[in-house]
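Asks: Please find one structure pasted underneath; my questions will follow.
The values are calculated or read from the model by the stated rules, or taken from the named source; none is laboratory data. All values reported here derive from a predicted model rather than from experimental measurement. Backbone-built Cβ (ideal geometry, glycine too); neighbour counts: all protein chains shown. In case anyone asks, the SASA skips ligands and DNA or RNA and just uses the protein heavy atoms, side chains included. Shrake-Rupley method; radii C 1.70, N 1.55, O 1.52, S 1.80 Å.
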Amino acid sequence: MRILGIETSCDETGVAIYDDKRGLIANQLYSQIDLHADYGGVVPELASRDHIRKTVPLIQAALKESGLTAKDIDGVAYTAGPGLIGALLVGASIGRALAYAWNVPAVPVHHMEGHLLAPMLEEKAPDFPFIALLVSGGHTQLISVTGIGEYQLLGESIDDAAGEAFDKTAKLLGLDYPGGAKLSKLAEQGNSQRFHFPRPMTDRPGLQFSFSGLKTFSANTIRQYTNSENRLDTQTRADIARAFEDALVDTLVIKAKRALEQTGFKRLVIAGGVSANKTLRYRLQQLMQERKGEVYYPRVEFCTDNGAMIAYAGLIHLKQQQSADLAITVKPRWPLDQLSTF
Ligand code: KG4
Ligand code: ZN
């Protein structure tokens with residue numbers, strides 16, 4: 001069984017083909033980062049227009065890469081939410097229409113379920129149950145996963161997502177959007193002893209996160225050390241990046257540990273763009289070593305948005321005979337623990 005997966009929820013156009021016997025047989029990605037860089041963030045209308053330009057050519061490239069033709073495809077999966085409505089509608093319209101033309105099922109996929117299942121694309125794939133720490137540009141969530149489709153939300157951010165906090169702080173430090181990876185690189189030169197930033201909401205019980213205060217703390221520190229010529233010296237800039245990353249990562253580690261203690265689970269999955277962060281991976285690996293458990297994550301290219309995770313999640317739903325009717329429906333807001341409401 002082979003499924004085509006289409007991802008267009010934000011600023012990456014991703015198309016992939018997954019074969020249940022051979023695994024991933026095509027993977028195409030086009031990132032719009034350069035398109036949005038001048039605006040310091042994703043411009044929804046520009047994103048939609050670019051997905052329109054790129055999706056069909058990428059589908060053609062994916063078919064070519066796999067050596068297949070349309071008649072070899074048994075289903076078309078597409079991200080139906082959450083995400084930017086216009087961007088979602090591009091992938092959903094193309095996906096639904098192609099499935100109709102090819103006379104195969106159309107499979108709507110939840111973007112965060114795609115991220116959550118992305119580690120399954122790796123050789124070292126987790127068994128159930130596990131705790132998933134989903135950290136992306138739009139979400140920071142701890143989820144108890146006891147099986148496919150069995151997702152219980154344990155805690156999430158009440159304001160900024162982890163990736164959003166990275167990007168906003170990176171912007172304050174003069175780094176281009178999306179600044180998460182760039183901030184992390186800058187932090188490598190920083191001295192971890194110079195500043196100590198707060199670990200928000202760790203002094204009270206619970207699994208909720210809040211990162212907007214951490215961003216404000218960074219802004220205040222930057223202001224304090226910026227001289228009258230509007231300059232921040234190179235070392236201070238790196239030291240602030242380091243203090244920010246340490247505080248954010250530490251907060252994620254503390255809450256992940258709590259979720260593991262609360263459930264007694266021995267497996268931890270990290271996924272979403274921020275799971276590419278080296279410090280976070282290292283710290284969570286240490287945590288799981290101490291707890292005699294295992295940590296699982298996707299390869300770096302599958303941490304951020306991609307078509308492979310959508311094809312994979314789509315295949316699972318296709319096998320469960322879950323598919324869409326002919327109406328094209330997307331859900332810009334769609335809680336992961338309400339999958340069945342689609
Ligand atoms: O999952 P993703 O590609 O898109 C969403 O669904 O939001 O995540 C993108 C986010 C951005 O905020 C980006 O800055 C962040 O992931 N990110 C990182 C790193 N790589 C990507 N944040 C910290 N360290 C990284 N290495
Ligand atoms: Zn994402």
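Asks: Note the count of lysine pairs whose C-alpha atoms are less than 23 angstrom apart in the stretch 234-320, limited to pairs 8 or more residues apart or on different chains.
Replies: Taking the stretch 234-320 as the scope, the lysine pair count is 9.
Asks: Write down the accessible area per residue of the chain in Å², having rolled a 1.4 Å probe over the full set of protein chains.
Replies: Accessible area per residue: 44 Å².
Asks: Which whole number of Å³ per residue matches the convex hull of the alpha-carbon atoms in the chain?
Replies: Values: hull volume 43.8 nm³, N = 342.
Dividing the Cα hull volume of the chain by its residue count gives 128 Å³.
Asks: A further question follows. If I model a spin label as a point 7 Å beyond the Cα along the Cα-Cβ vector, how far apart are those points for ARG299 and THR69 in nm?
Replies: 3.0
Asks: If ligands, DNA and RNA are left out, what is the accessible area of GLU294 with a 1.4 Å probe, given in Å² to the nearest 10?
Replies: 80
Asks: Which one, ALA181, ALA97, ALA87, has the greatest fluctuation when you compute a Gaussian network model over the chain with C-alpha springs under 10 angstrom?
Replies: In this elastic network of the chain, the residue with the biggest mean-square fluctuation among ALA181, ALA97, ALA87 is ALA97.
Asks: Using the crude model of +1 on Lys and Arg Cβ and -1 on Asp and Glu Cβ, and no other charge, please compute the dipole size for the chain relative to its Cα centre, in debye to 20. Please list the in-between numbers first.
Replies: On the way: 36 positive and 38 negative charges, 90 e Å.
I would put it at about 440 debye.
Asks: Once the other residues with Cβ under 13 Å from the Cβ of ILE6 are scored (Lys, Arg +1; Asp, Glu -1), what is the net sum?
Replies: -1
Asks: Explain nothing, just the number: dipole magnitude of the stretch 1-126 about its Cα centre with +1 on each Lys and Arg Cβ and -1 on each Asp and Glu Cβ, in debye rounded to the nearest 20.
Replies: Numbers: 10 positive and 15 negative charges, 86 e Å.
The dipole of the stretch 1-126 has a size of about 420 debye.
Asks: In what sequence, largest accessible area first, do ARG2, ARG96 appear using a 1.4 Å probe?
Replies: The ranking, largest first, comes out as ARG2, ARG96.
Asks: Accessible area of the stretch 96-161 with a 1.4 Å probe: how many percent of it is carbon plus sulfur? Display every interim value, and only then the final one.
Replies: Values: 1080 of 2310 Å².
Of the solvent-accessible surface of the stretch 96-161, carbon and sulfur hold 47 percent.
Asks: So, one more: Give the residues of the stretch 292-333 whose amide nitrogen is closer than 19 Å to a point set 7 Å from the Cα of TYR100 in the direction of its Cβ.
Replies: 323-331
Asks: Summing -39500 (n - 2.57) over the DSSP H runs of n ≥ 4 in the chain and dividing by its residue number, what mean residue ellipticity at 222 nm do you reach, to the nearest 500 deg cm²/dmol? Write down the numbers at each step before the final one.
Replies: Values: 10 runs with 142 residues, N = 342.
The per-residue figure over the chain is -13500 deg cm²/dmol.
Asks: Please report, in debye to the nearest 20, how large the charge dipole of the stretch 122-257 is about its Cα centre when each Lys and Arg carries +1 at its beta carbon and each Asp and Glu carries -1 there.
Replies: In debye, rounded to 20, the stretch 122-257 gives about 460.
Asks: Sequence gap of 8 or more, or different chains, plus Cα separation below 25 Å: how many lysine pairs satisfy both in the stretch 1-135?
Replies: Values: LYS21/LYS64; LYS21/LYS71; LYS21/LYS124; LYS54/LYS64; LYS54/LYS71.
For the stretch 1-135, the number of qualifying lysine pairs is 5.
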